[in-house]
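All remarks here apply to the structure that follows.
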Amino acid sequence: MTELMISFDTPPERWNEFVSQSQWPDFELMQSYEWGRFKEALGWQAIRLTLERDGRLVAGVQMLIKPLPLKINSIVYVPRGPLLRREGEGEDETVAQRLMEAMHAVARRHRAIALTIEPPFRYSPEVVQWLQAHGFHRSRFDNQPQCSMLIDLTPSLDDILARMHKTTRYNIRYSERRGVTVRTGDAADLDTFYHLLASTARQAGFSIRSREYYRQEWEALAPGSYVRLFLALYEGEV
């Protein structure tokens, strides 16, 4: 079997191609090159580690490293990773083992007091056992939602609406009849977005990030169409 080669300098285009072709069905935004650049603007260091075999990337992980006060130690965070490509039976285990060893080595090199991962793996007792064997244990807190709901937008609008609850369909069509319109926003609309978000957060009792956080996120992700802003208007007001 050809040896696995470790790399830390995969070009952005090749990295994103690997992320999109990993064994998970959805593109993991938080493992994208652009997300790493976004977090670097907020004081993190992004390290992209890959395993390559015969010129093909078979595993990879974007690790976010944040120095602690005095910069003696750090924390290492892996949102929605690591990522693997489906290999042959038995090869997956070898690749995953090497990737995990390399991740631990990076964490040690940066004097990490904690290595937190939020892998996109489907839950199973075997996965839990495998992670525990590598020193991980379940955290009391979740940084990211455990589940995401996706709507397939490729069917016709009528087909999409037909799959919704009747009350949802009614509310959508009622809004259209009353003249509610939706437009795509841009950077000039970020203040409006933040005002609405902050108002909603106060009413619903949840916390949000700073205005600067969302500005940095927009600047990093909007050029690649990784994020879009939509605004609903009624009688000219958002």
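So which GluC sites (Glu not before Pro) in region 85-153 end up in coil per DSSP with only 14 or fewer other C-beta atoms within 10 Å?
Qualifying residues, ordered by number: 89.
Which order do 58, 95, 127 fall in if you start with the one that has the fewest other Cβ atoms within 10 Å?
So the residues, fewest neighbours to most, are 127, 95, 58.
How big is the dipole moment of region 157-233 about its Cα centre under a simple scheme where the beta carbon of each Lys and Arg is +1, that of each Asp and Glu is -1, and everything else is neutral? Debye, nearest 20, please.
So the dipole magnitude of region 157-233 works out to roughly 460 debye.
Quote the charge dipole size of region 1-118 about the Cα centre in Debye, to the nearest 20; the model charges only the Cβ of Lys and Arg (+1) and of Asp and Glu (-1).
Roughly 700 debye for region 1-118.
Let me have the relative contact order for the chain, percent, based on Cα pairs under 8 Å that are six or more residues apart.
The normalised contact order for the chain reaches 16 percent.
Could you calculate, for region 163-238, the ratio of the Cα radius of gyration to the Kirkwood radius, expressed as Rg to Rh?
Here the Rg-to-Rh quotient is 1.03.
If a/c stays under 1.5 just call it rounded; otherwise compare a/b with b/c (prolate if a/b is bigger, oblate if not). Do that for region 136-200, with a ≥ b ≥ c from the square roots of the Cα gyration tensor eigenvalues.
oblate
Would you mind computing Rg(Cα) / (2.2 N^0.38 Å) for the chain, counting N as its residues?
This ratio for the chain stands at 1.20.
For the ranges 179-190, 32-43, 139-150, what's the packing order if you count other beta-carbon atoms within 10 Å of each residue, average per peptide, and put the highest first?
32-43, 179-190, 139-150
With 10 Å bins from zero, work out the P(r) of region 64-141 over every alpha carbon pair and list the percent per bin.
P(r) for region 64-141, in whole percents per bin: 16, 49, 27, 7, 1.
Could you state, as a whole-number percent, how many of the C-alpha pairs of region 19-156 are farther apart than 27 Å?
Summing the P(r) tail past 27 Å for region 19-156 gives 22 percent.
Every read-out reported here was derived from the displayed coordinates using simple, explicitly stated rules and does not represent laboratory data. Nothing here was measured: the structure is a model prediction, and the numbers come from that model. No Cβ is skipped: glycine too gets one built from the backbone with ideal geometry, and neighbour counts run over all protein chains shown.
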